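The values are calculated or read from the model by the stated rules, or taken from the named source; none is laboratory data. Treat the numbers as computed from the prediction; the structure is a model and nothing was measured. Here the Cβ positions follow ideal geometry from the backbone for every residue, glycine too, while neighbour counts run over all protein chains shown. Note: areas computed on protein heavy atoms with side chains; ligands, DNA, RNA excluded. Shrake-Rupley method; radii C 1.70, N 1.55, O 1.52, S 1.80 Å.
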Amino acid sequence: MNTTGKHLGGGVVLYEDAFDVDWGTLCEFAEEQAQAEWESMYTPGKDPLTGEEGYINRNGYFFHEKGITEMPRHCAYLHSDPGPDIVPLLHELEHKRDLCAAEYMDRFPISAASVWWKIKGHFLVYPTGSFLGAHADTSTDYKYGVPHPTHQIATRTVISTLTFFNNSGTDFTGGDLVFPYLDIRHQPKAGDLLIFPSNYMGAHECETVTSGTRFSHVGWYCQGSPDMRFEIDVTDPLEDPERAATATNVYLTEPLGVAMEQAWAGKTRAN
């Protein structure tokens, strides 16, 4: 495992070969989860501004029908009941992601002062023809006069992570990850991890997958207090370890808790 990253610029750090797990099993599990969540994610509804017919997802956002077919499929509830064969793989992903995030915070200590808890990773499955346009992970697409979205967890993200499960050029074509404001382009390779700012400077996009299926794992490190009015629920693993095992949002203990304490104390380098 490699926990020494290469800074590509703008706070985007690449950890090559950061993982060595059974990617085939994870891809199969991701496809199953994606199909199940796809079927339960959307209900028919109308755009609150225009009245146009389309679909509303369970977070309260409106989507045009064409947009849904071109979007990646999400697997956001991996940790609720993944099965005994998948649990060790998910734990491995989370543990090694945390180790790399600790190294990232060592590079950028001020980032550690803004991180309180994390969102465990979920999968993204990109079938042929799908893509994801340029966006920032902190975006909630709010406009004056539009009802506030009920699900506002994106307002809390500080650091984003992306892990790739398969290889560009052999398992799929297209699907490059692009950071338009930073002039960075990355071709996915199984086992690679990218860590970057969640804000607008870290805006990124996945170009259209032209053949095959692209698999990735995304997660975030966040700030702010829980707020159940906006579906922001965070579990303390020291107070409730049983719930933390299946929860998506958890407060940080080791190794990141130690890394943050060191950063706050000024014991780490600032690049």
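Being open to solvent by 40 Å² or more (accessible area, probe 1.4 Å) and modelled with pLDDT under 85, is that true of even one residue in the stretch 25-35? Within the stretch 25-35, one or more residues are open to solvent by 40 Å² or more (accessible area, probe 1.4 Å) and modelled with pLDDT under 85. Scanning the stretch 148-174 for residues that are under 15 Å from Arg229 (Cβ atoms) and out of contact with any strand residue (DSSP E or B) (no Cβ under 9 Å at 6 or more places or on another chain) yields a total of 3. Within the stretch 77-91, residues that are closer than 17 Å to Phe165 by Cα have Cβ atoms under 9 Å from residues that are at pLDDT below 75 and open to solvent by 50 Å² or more (accessible area, probe 1.4 Å) in no pair, counting only partners at least 6 apart in sequence or on another chain.
Being surrounded by 12 or more Cβ atoms within 10 Å (Cβ to Cβ), closer than 30 Å to Tyr144 by Cβ and within 19 Å of the chain's Cα centre (by Cα) narrows it down to one of Met41, Met105, so name that one.
Details: Met105 fails: closer than 30 Å to Tyr144 by Cβ.
None of the other options fit; the residue is Met41.
Any residue in the stretch 74-94 that is within 18 Å of Cys222 (Cα to Cα) and over 15 Å from the mean Cα position of the chain (by Cα)? Among the residues of the stretch 74-94, not one is within 18 Å of Cys222 (Cα to Cα) and over 15 Å from the mean Cα position of the chain (by Cα), which makes the answer no.
Inspect the stretch 16-32 for any residue being polar (S, T, N, Q) and free of Cβ contacts under 8 Å to residues at least 40 places away in the same chain and give the result as yes or no.
no
Selection of first residues in the stretch 207-234 that are over 22 Å from Ile195 (Cα atoms) and of second residues that are open to solvent by less than 40 Å² (accessible area, probe 1.4 Å) and aliphatic (A, V, I, L, M), restricted to Cβ pairs under 6 Å at least 6 apart or on distinct chains, gives the following pairs, ordered by first then second residue: Pro226/Ile232; Pro226/Val234; Ile232/Ile153.
Considering only the stretch 144-191, how many residues are among the hydroxyl-bearing types (Ser, Thr, Tyr), open to solvent by less than 60 Å² (accessible area, probe 1.4 Å) and touching a Gly at 6+ places or on another chain (Cβ under 9 Å)? Count: 5.
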